[in-house]
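The values are calculated or read from the model by the stated rules, or taken from the named source; none is laboratory data. Because the structure is a prediction, the values reported are computed rather than measured. Here the Cβ positions follow ideal geometry from the backbone for every residue, glycine too, while neighbour counts run over all protein chains shown. For the accessible areas, the whole protein counts, side chains as well, though only heavy atoms, and no ligand, DNA or RNA atoms are used. Shrake-Rupley method; radii C 1.70, N 1.55, O 1.52, S 1.80 Å.
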Amino acid sequence: MFSQTNQVYPVIWHNDSVSLIDQTRLPSEYAFVEISRSEDMAVAIKTMIVRGAPAIGVAAAYGMYLGAREIHTNNRDEFLHHLENVADMLRCTRPTAVNLFWAISRMIKVAYETLGSVGDIKKALFQTAQTINAEDLQTCQAIGDNGLKVLPTRLEQLTLLTHCNAGALATAGYGTALGVVRSAWREGRLTRVFADETRPRLQGAKLTTWECVQEGIPVTLITDSMAAHCMKQGMIDAVIVGADRIAANGDTANKIGTYSLALVSKAHHIPFFVAAPLSTVDFSLSDGSQIPIEERDPTEIYQVGETILTPAGVEFYNPAFDVTPAELITAIITENGAFAPGELKQLQLKQMV
Ligand code: MRU
């Protein structure tokens, strides 16, 4: 939905149900899917009608409320038991983005901690889903502003490269990596953004370019394999990507292709930034080797439209994410500021005090 500033909100509560921008149909169609049942929200997350780590978290929070609304009992224990089943169903949708699990756990905690009737718990769950949505929007705006403080200053205006879509569509609005791009554009610090197409699902080609065009941000599309060449030609000043899960040591899971982008950035002495809310940091994992990597249907890599690309007898491997080692990351930009990957652990300690 557009406001006067062309802001995009991929998940909104509207007419007693959730309106999702159908991201599988962009950019050719700007259409909405109305979701009023938790099962349908699970399908929407799995099929990537809604995608991007923070947006998945917001959608799951509303999914929990929709599930709560479907439970018809006044018995608290029975209600909580059924709500745990809704949580399990939503957790099974996508394994890598930790925001999904974070949002569901927050909703479950609210349910257990709310005293009073089942009706009171349902109201608290609705309020919490709305809060998660509103907080994420504010968080992204803070990430955008914090990003401005760490972008290279040797040039007045920069050309940034991004991978996948970490924009408004992937969050409650504004975006993480693309939030920094937006803030840089607003402040006159951006010449242009290069968008990797992001094989196989083409989130860069379809979604990032669409968002940039909505706002008049100059955007150039390249295929993933062109990034190193563009860097060698001196066309890129910094790289900025989002994250699906960050381990306590700063190792970062993001869309497949991010790791190779970080390696070529290092080879060309180009700073490589990760922009993500603190809800994307999974302090329970000491390093990135423990992050579950989603494998998706191989048709995504061997079929384009109706056309099968490969001969019979080929085997396929389609991991949706990879893990970039912390040592390749210049800084992780969060709503609380930008940190070297090794500084994340101190943040956790502060949170525990
Ligand atoms: O498979 P997707 O489209 O959900 O993957 C999205 C990404 O990898 C994003 O970069 C990440 O979720 C950060 S979104 C702010």
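Can you return the lysines within cross-link range of residue 345? Criterion is Cα-Cα under 26 Å, with same-chain partners fewer than 8 residues away left out.
Answer for residue 345, where 26 Å is the Cα cut-off: 109, 149, 255, 266, listed by chain and number.
For the chain, which DSSP H helices look membrane-span-like by this rule: Cα extent along the axis of 20 Å or more and mean Kyte-Doolittle of at least -0.5?
Length and hydropathy pass: 53-69, 98-113, 118-150.
Counting other Cβ atoms within 10 Å of each Cβ, which trypsin sites (Lys or Arg not before Pro) in segment 118-209 have at most 12 and sit in a DSSP loop?
Listed in order of number, the matching sites are 154.
Can you give me the relative contact order of segment 1-119 as a percent, contacts being Cα pairs under 8 Å and 6 or more apart?
Averaging sequence separation for qualifying contacts and normalising by length gives 22 percent for segment 1-119.
Figure the gain on full extension for residue 14 and residue 78 (residue separation times 0.36 nm, minus the Cα-Cα span) and round it to one decimal in nm.
Once the chain is fully extended between residue 14 and residue 78, it gains 20.2 nm.
Going from most exposed to least, what order do 9, 259 have by accessible area with a 1.4 Å probe?
Correct descending sequence by accessible area is 259, 9.
How fast does segment 11-139 diffuse by Stokes-Einstein, in µm²/s, taking the Kirkwood radius from C-alpha pairs at 25 °C and 0.890 mPa s?
Result for D is 169 µm²/s.
How long are the three semi-axes of the equivalent ellipsoid of the chain, in whole Å, if each is the root of 5 times an eigenvalue of the C-alpha gyration tensor, listed from largest down?
Semi-axis lengths for the chain are 33, 23, 20 Å.
I need the Debye-formula profile for segment 226-271: one equal scatterer per C-alpha, no solvent, reported as log10 I(q)/I(0) at q = 0.14 1/Å, two decimals.
-0.35
Pop a pseudo-label 7 angstrom from the Cα along the beta-carbon direction at both residue 268 and residue 127 and give the gap in nm to one decimal.
5.1
If you roll a 1.4 Å probe over the chain with all protein chains in place, what percent of the accessible area is carbon or sulfur?
With neighbouring chains kept in place, the figure for the chain is 53 percent.
Roughly what % antiparallel, to the nearest 5, for the DSSP beta bridges in segment 218-319? Walk me through the intermediate numbers first.
Numbers: 5 of 10 bridges.
Counting DSSP beta bridges with both partners in segment 218-319, the antiparallel share is about 50 percent.
Enter the accessible area of residue 39 (Å², nearest 10), with the probe set to 1.4 Å and all protein chains included.
Taking all protein chains as shown, residue 39 has close to 80 Å².
Explain nothing, just the number: relative contact order of segment 249-353, from Cα pairs under 8 Å at least 6 residues apart, as a whole percent. Each step should come with its number before you reach the end.
Values: 137 pairs, mean separation 46.4, N = 105.
Value for segment 249-353: 44 percent.
Label-point separation (nm) for residue 223 and residue 148, each offset 7 Å from Cα along Cα-to-Cβ?
Distance between the two pseudo-spin positions: 3.8 nm.
Determine the percent antiparallel among the DSSP beta bridges restricted to the chain, to the nearest 5.
Beta bridges within the chain, antiparallel portion: roughly 55 percent.
Over the chain, what relative contact order in percent results from Cα pairs under 8 Å that are six or more residues apart?
Value for the chain: 16 percent.
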